[in-house]
Amino acid sequence: MNKGTAIVGFMLSFSSGAGLTWGVARHQQAELSTPSVGSELAGPSSSPIPIGSDDPAWGNTAAPVTVVVISDFECPYCSRVTPTLARIEKEYGPERLRVVWKNNPLPNHPGARPAAEAGAAVHALGGDFWKFHDLAFGHQRELTRENFSRWAAEAGVDASRFDAELKTPRAAAKVDRDLAFARQIRANGTPHFRINGKALSGAQPFDKFKALIDEQLAAADALAKTGVPGASLSVELTKTNFKATPEPERSKAPPAAPVDTTTWKVPVHADDPVEGPADALVTVVEFSDFQCPYCVKVGPTLERLRQEYPNDVRVVWKDLPMSFHARAKPAALLARFAYEERGNEGFWKMHDALFANQKDLEEAGLSRIAESLGLDERRARAALTSKRFAEKVDQSAALAGDFAIVSTPQFVINGRRLSGARPYEEFKRLVDEQLATARGLVDKGVRRADVFRELMKSAKPAPEPEKKTVAPPTRENPSRGPQKARVTITEFSDFQCPYCSRVTGTVEQILATYPKDVKVVWRHLPLSFHRDAPLAAEAAQEAFAQAGNDGFWRYHDTLFRNQKALGRPDLERYAREQGLDMARFNAALDSRKHQAHVERDSEEAKRAGIPATPGFVINGYFVSGAYPFDTFDRLVRRALEGG
């Protein structure tokens, strides 16, 4: 399950039309602290709730509280409760909480069963189930076979293997087993939860989950004092609670998740492209991506709004090219060039042309689009490498990050959030509500042109990024980059953590982007459920002792390339291949020479409140998880600006 992100100052509900939801960001962060799904997560067979290696899970197997999520990928209430689960994971962490997924595709949701089988196939093939989970919930109205294949690929599964797996009976059999269990416990609706066996039905608020989890943590503490081993606490409590749990109520529909009613202070800048009158009473700020298919789909809805409210609605464009859309940023740069050349009219013509030719945004395609609009081809090509245009696009994306806007399309309507390619009626409802408020201000004497400014006076600014304070590094901490760099990124990591491995490319990209300004300092945080991680950390530290920073980072890269082979013989083989003094190397491992240093790093992480890996402190700003480059880049820029 995904992780809550520290930089989010407010809870966002999933949107069934969003191209990439906040769930994904949350997922990327939560994963950091989780063991990989598979056999190591299999629960004891004595539990009345069967949990096996074919059940996707987050958290430590020995956690004292297990939350079993029985859910349906097409159920809107299941989608709405996902941010609540993210908050729970963030609050309790993987040492105290384990979350296990089971399917219950309802018969009135035709896309739910195929999605469940696709998710089971992704998990069976060793892919990132939670990535698939987030994409499915983010696109609830797009549960098609084509999308399942695409999401499986994004989750790290080879397309041919995925297709072959779905042709076997295995995925269907897994879903059938889950359905049989749901029937057994009479979980007739979704979502349904069992918290150490205790039932909780519906998209309940955070406090309901917290009350049950806290109760079970207290019960686990009491049970541990009687001598029950920690790894057995959840099972023993589940045995007791499961017997005592009454049948879940079937008459109540799950309550809707609360709507975000905050008015957010998202600024409109003088050089933002705008369509609509300057004195419009309603301002629709659109964060969008020219390569996002959902941004295209919402276009007719926005056009209908402009036609129905010609004097009262204006649309303001903000760029948010997603990192996985390789041609989104070049398209944004070209649109910026059109804006500079021909103002708002030129921008919106380019906007329409880019969306109309979304599958042809390579360099040649962009040139054809520019030529078709009568723009100078040479200057248009130069715009694609212009730092001036790139800076504006990056500023817009950074603003989105400040407000934890991580998906496209996203809208802020007079400060009120609306996520995804929603139906026209949802836009109209919010526009009408805001129109009524705006007209009330006009009746009180506020000029139409000043209404938006007046609303923003009392709006809530972007939340500050989370901060952590860590002690300065010592000479024993490996580092990369200039020693007097203006920005220091302290990375707490674990050589057996798959998410630590995934983020190495992002760290490389940051160092390449800021070669004179960024230094990365390594600190060890081997997690308790990664049995090979502590000795691997000590081995890497010995490589540093013998060969300095260069030796450490070579050994670091080797360990991450070979994460499934981190036993003592493997560590010795890597050291031998890199020319280390084997007598010194073996003596260091035998004597646990570097154990104290590794433990000091881990204690520093604990003191700073960093429980998971990978964790990064960027001049005090905290990032917990394998986030994409843009997240790190935003905070590095903020640090360089002295924020």
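The values are calculated or read from the model by the stated rules, or taken from the named source; none is laboratory data. Because the structure is predicted, anything quoted here is derived from the model rather than measured. Note that we place each Cβ from the backbone using ideal geometry, even for glycine, and neighbour counts take in every protein chain shown.
Count of the range 100-138 residues, restricted to those that are surrounded by 24 or more Cβ atoms within 10 Å (Cβ to Cβ), in contact with a Phe, Trp or Tyr (Cβ under 8 Å, 6 or more places away or on another chain), charged (D, E, K, R) and within 13 Å of Trp151 (Cα to Cα), is 0. Just to be sure before I move on: is Tyr77 closer than 30 Å to Ala398 by Cα, at pLDDT 50 or above and not in a loop (DSSP other than H, G, I, E, B) in the structure I sent? Considered against the rule, which asks whether it is closer than 30 Å to Ala398 by Cα, at pLDDT 50 or above and not in a loop (DSSP other than H, G, I, E, B), Tyr77 comes out as no. Could you tell me which of the residues Leu223, Leu237 is modelled with pLDDT under 95, in contact with a Leu (Cβ under 6 Å, 6 or more places away or on another chain) and not assigned by TED's automatic domain parsing to the domain that holds Gly299? So the residue among Leu223, Leu237 that is modelled with pLDDT under 95, in contact with a Leu (Cβ under 6 Å, 6 or more places away or on another chain) and not assigned by TED's automatic domain parsing to the domain that holds Gly299 is Leu223.
Starting from residues that are surrounded by 18 or more Cβ atoms within 10 Å (Cβ to Cβ) and not in a helix (DSSP H, G or I), keep the ones in the range 547-586 and report whichever is farthest from the chain's Cα centre (by Cα). Across the range 547-586, the extreme among qualifying residues is Leu580.
Restricted to helices (runs of 4 or more DSSP H) entirely inside the range 129-174, those with at least 2 residues that are more than 18 Å from the chain's Cα centre (by Cα) and over 20 Å from Pro83 (Cβ atoms) are 145-154, 159-167.
When the range 606-630 is filtered for residues that are within 22 Å of the chain's Cα centre (by Cα), of a type in the set (A, V, I, L, M) and at pLDDT below 95, the ones remaining, listed by number, are Ile610, Ala612, Val623, Ala626. Whether any residue in the range 416-423 is buried (at least 22 other Cβ atoms within 10 Å of the Cβ), of a type in the set (S, T, N, Q), outside any helix (DSSP H, G or I) and modelled with pLDDT of 95 or more is what I want to check. No: zero hits. Of all residues in the range 516-546, those satisfying the criterion of being in contact with a Phe, Trp or Tyr (Cβ under 8 Å, 6 or more places away or on another chain), hydrophobic (A, V, I, L, M, F, W, C) and not in a strand (DSSP E or B) are Leu525, Ala533, Ala536, Ala537, Ala539, Ala540, Ala543, Phe544.
Condition check ((1) β-branched (Val, Ile, Thr); (2) closer than 17 Å to Phe560 by Cα; (3) crowded, with 16+ Cβ neighbours inside 10 Å) across all residues:
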site	(1), (2), (3)
Val451	yes, no, yes
Thr506	yes, yes, yes
Thr513	yes, no, no
Arg531	no, yes, no
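Do we have Thr506 as assigned to a strand (DSSP E or B), in the same structural domain as Ser602 (by TED's automatic domain parsing) and of a type in the set (Ser, Thr, Tyr) here? Against the criterion (assigned to a strand (DSSP E or B), in the same structural domain as Ser602 (by TED's automatic domain parsing) and of a type in the set (Ser, Thr, Tyr)), Thr506 does not qualify. Restricting Phe529, Phe544 to those that are at pLDDT 95 or above and either assigned by TED's automatic domain parsing to the domain that holds Ala404 or of a type outside the set (Gly, Ala, Ser) (or both) reduces the list to Phe544.
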